[in-house]
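Undergrad: Encoded as structure tokens, here's the structure I'll be asking about.
All of the numbers you see were taken from the coordinates with simple rules; none came from a lab. On a predicted model such as this, the values are computed, not experimentally measured, just so you know. Here the Cβ positions follow ideal geometry from the backbone for every residue, glycine too, while neighbour counts run over all protein chains shown.
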Amino acid sequence: MNPENNGKILIPELFLAKGRLTGKGISYSSRTIASIGSLFEDKNAIEKIPKDTIAYEVASYFPDGSCSPGSLNFGITYMYPVKVGREYVMTKGHFHSNRADAEYYWGIEGEGILLLMDEERNCRAERVFPGSLHYIPGNLAHRMVNTGNVLFSFGACWPSDAGHDYESIEANGFPIRVIENNGIAELKKTDDSLCLQ
Ligand code: S6P
Ligand code: ZN
């Protein structure tokens, strides 16, 4: 027991009520559709979307603001139901710079698809929904896609020193796109890479 607390029971400083991360020291970031426009197949469709349309926002907690080994970061991502042509909105997607570092994702509200890809571009897709839990091994790039008509939010917890490597996937993206066909999300393979086991 910390003697300075003098036996007092403390009130927590972080909250996750109804899937919203709030409290002391939360950082917020967002990406517009325009800033991730290069990810989408239909370049004409991007031009029709207002430049300041938000694709997703992230509320994160970085303990001590640091990237100390041994610490854990925590974040909730809120993805809006935007489509670029027939392609569903997606996160930029990344490998961790420290390839050994894994991560957990879990579905909170709405529905989506998690795309996972190894360095040889082998890929697989998992459905995400409220209550689903996804272990992402350290060597896999990860990207989320909002396949619903409502806000899709998911949680993430990852090592503070993992780092984000966006560059490795920027050139060729993932080998799977998620496309709407008569209201149903379908996977479209864009090259002959294999299914990740
Ligand atoms: C961090 C974790 C998430 C993402 C967030 C946005 O390791 O995976 O917090 O940063 O979902 O995705 P992205 O690909 O733009 O960082
Ligand atoms: Zn990550």
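Undergrad: Given the stretch 1-96, what strands (runs of 3 or more DSSP E) lie entirely inside it while holding 2 or more residues that are over 21 Å from TYR166 (Cα atoms)? Steps first, answer last, please.
TA: Details: elements: 14-17, 20-23, 26-32, 54-61, 72-79.
Output list reads 14-17, 20-23.
Undergrad: Could we say that GLU120 is away from ligand 2 (no atom under 14 Å from the Cβ) and not in a loop (DSSP other than H, G, I, E, B) here? Walk me through it before giving the result.
TA: Working: away from ligand 2 (no atom under 14 Å from the Cβ): yes; not in a loop (DSSP other than H, G, I, E, B): no.
Against the criterion (away from ligand 2 (no atom under 14 Å from the Cβ) and not in a loop (DSSP other than H, G, I, E, B)), GLU120 does not qualify.
Undergrad: Now a separate question. Would you check which residues across the stretch 140-154 are of a type outside the set (A, V, I, L, M) and within 12 Å of ligand 2 (Cβ to nearest atom) and list them?
TA: Correct list: HIS142, ARG143, PHE154.
Undergrad: Hey, another quick one. Give the stretch 160-197 a look and list any residue that's more than 17 Å from HIS142 (Cα to Cα) and hydrophobic (A, V, I, L, M, F, W, C), or say none.
TA: ILE179, ILE184, ALA185
Undergrad: Here is a further query. Hey, can you tell me all the residues within the stretch 159-197 that are surrounded by 13 or more Cβ atoms within 10 Å (Cβ to Cβ), of a type in the set (A, V, I, L, M, F, W, C) and in contact with a Lys or Arg (Cβ under 7 Å, 6 or more places away or on another chain)?
TA: PHE174, ILE176, ILE179, LEU196
Undergrad: Being more than 13 Å from GLU111 (Cβ to Cβ), more than 15 Å from ligand 2 (Cβ to nearest atom) and within 18 Å of the chain's Cα centre (by Cα) is true for just one of PRO159, PRO137, PRO175. Which residue is that?
TA: Answer to the check: PRO175.
Undergrad: Right, something else. What single numbered condition from (1) touching a residue at least 12 places away in the same chain (Cβ under 8 Å); (2) away from ligand 2 (no atom under 16 Å from the Cβ); (3) assigned to a strand (DSSP E or B) fails to hold for GLN197?
TA: Of (1) touching a residue at least 12 places away in the same chain (Cβ under 8 Å); (2) away from ligand 2 (no atom under 16 Å from the Cβ); (3) assigned to a strand (DSSP E or B), only one is false for GLN197: (3).
Undergrad: Oh, and also: Can you tell me which residue is farthest from ligand 2 (Cβ to nearest atom) among those in the stretch 89-110 that are over 12 Å from the mean Cα position of the chain (by Cα) and touching a residue at least 60 places away in the same chain (Cβ under 8 Å)?
TA: By that ranking, first place goes to GLU109.
Undergrad: Name the residues in the stretch 162-172 that are within 16 Å of ligand 2 (Cβ to nearest atom) and outside any strand (DSSP E or B), would you?
TA: Correct list: ALA162, GLY163, TYR166, GLU167, SER168, ILE169, GLU170.
Undergrad: Which number in (1) more than 19 Å from the chain's Cα centre (by Cα); (2) closer than 23 Å to ALA100 by Cα marks the one condition that GLY183 misses?
TA: (2)
Undergrad: Quick check on the stretch 1-55: of everything there that is surrounded by 12 or more Cβ atoms within 10 Å (Cβ to Cβ) and of a type in the set (Lys, Arg), which residue is nearest to GLY75 (Cα to Cα)?
TA: ARG20
Undergrad: Out of the stretch 70-98, which residues are of a type outside the set (A, V, I, L, M, F, W, C) and within 19 Å of ASP42 (Cβ to Cβ)? Walk me through how you get there before you give the answer.
TA: Start the filter on the stretch 70-98 by keeping residues that are of a type outside the set (A, V, I, L, M, F, W, C), which leaves 70-71, 73, 75, 77-78, 80-81, 83, 85-88, 91-94, 96-98.
Matches in the stretch 70-98: TYR80, PRO81, LYS83, GLY85, ARG86, GLU87, TYR88, THR91, LYS92, GLY93.
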